[in-house]
Amino acid sequence: MDKNIGEKLYQHRKAAGFSQEELADKIGVSRQAVSKWEKGESSPDTENLIALSKLYNVSLDGLVFGEKAEEKPEEPQSENDKVDISPAGIHVESRTGDKVNIDLTGIHVDTADTNVHIDKNDVNVTENGHVVFPQKPIDSRAFRFFKRFPYPIVAVILYILFGSLEICGGWGLGWLVFLTIPLYYTLLDAIARKNASEFCYPVLAAMIYLYVGMVNEFWHPGWLIFLTIPVYYFLADFIKKLCQKH
């Protein structure tokens, strides 16, 4: 083999940042074979030349003679992932079996426990076989009654009464009654859907913190109430999943 060709192979390997051992491992030959190629003592066969060409992303002419060749586009997929990009759309399948399809019909994502389908008419999300979105309407006369009940107006009336009669902290503390508005509606949702995660617990934590701080000056360590927020949602999610399994 021409030593000049061996020198070209050596330069390509160095430019790619491989040691002889690493290159040999990548194309499935011995380190000694790579060494002989670069010294001009032997020549890589056609199969190995093609493997080197793909590895260095150059043509065979560029590999052997150093001629500048048109760069090949990098393949977007890994060894175990499948990616198909065509006029029909984009289709991806991971080695774990997760699939993503984007085409004219919409966006479709399917994993082991979650399915998301988005089209021009709707958005559907299911998790472990249960519909997450859109949520099924609650068919309950009691729920509809309390949902339509004008609780914000009641909150305003209560605030005026607290201030005028100087009860429950008067004007200075009575405004906390407005924080009960999101509590009222999210509590209805949580009860109707039997899902504690629907309840706006952070607002309740803030309300308690402000009350004990302004009434008892218990700002510290009253702030610890906020540490219960992630605990609350963890327990709510755990109970929800436990109920779904049974």
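The values are calculated or read from the model by the stated rules, or taken from the named source; none is laboratory data. Quick caveat, the model's predicted, so the values are computed rather than measured. Here the Cβ positions follow ideal geometry from the backbone for every residue, glycine too, while neighbour counts run over all protein chains shown.
Do we have any residue at all in segment 232-242 that's buried (at least 17 other Cβ atoms within 10 Å of the Cβ), hydrophobic (A, V, I, L, M, F, W, C), without any contact (Cβ under 8 Å) to a residue 40 or more places away in the chain and not in a loop (DSSP other than H, G, I, E, B)? No - not one qualifying residue is present in segment 232-242. Under the condition of being modelled with pLDDT under 80 and either assigned to a strand (DSSP E or B) or touching a Lys or Arg at 6+ places or on another chain (Cβ under 6 Å) (or both), the residues counted in segment 90-123 number 1. Is it true that Leu9 is of a type in the set (A, V, I, L, M, F, W, C), free of Cβ contacts under 8 Å to residues at least 60 places away in the same chain and in contact with an Asp or Glu (Cβ under 7 Å, 6 or more places away or on another chain)? Yes. With the checklist (1) modelled with pLDDT of 90 or more; (2) surrounded by 14 or more Cβ atoms within 10 Å (Cβ to Cβ) in hand, flag the one item Cys168 doesn't pass. Against the list (1) modelled with pLDDT of 90 or more; (2) surrounded by 14 or more Cβ atoms within 10 Å (Cβ to Cβ), Cys168 comes up short only on (1). Considering only residues in segment 171-182 that are buried (at least 17 other Cβ atoms within 10 Å of the Cβ) and among the aliphatic types (A, V, I, L, M), the one that is farthest from Ala142 (Cα to Cα) turns out to be Leu176.
Only one of the numbered conditions (1) buried (at least 17 other Cβ atoms within 10 Å of the Cβ); (2) over 20 Å from Val132 (Cβ atoms) is violated by Leu188, and that is (2).
In the set (1) assigned to a helix (DSSP H, G or I); (2) touching a residue at least 12 places away in the same chain (Cβ under 8 Å), Ile138 fails one condition alone, (1).
Filtered by the rule that a residue be assigned to a helix (DSSP H, G or I), surrounded by 14 or more Cβ atoms within 10 Å (Cβ to Cβ) and among the aromatic types (Phe, Trp, Tyr), segment 191-227 gives Tyr201, Tyr209, Tyr211.
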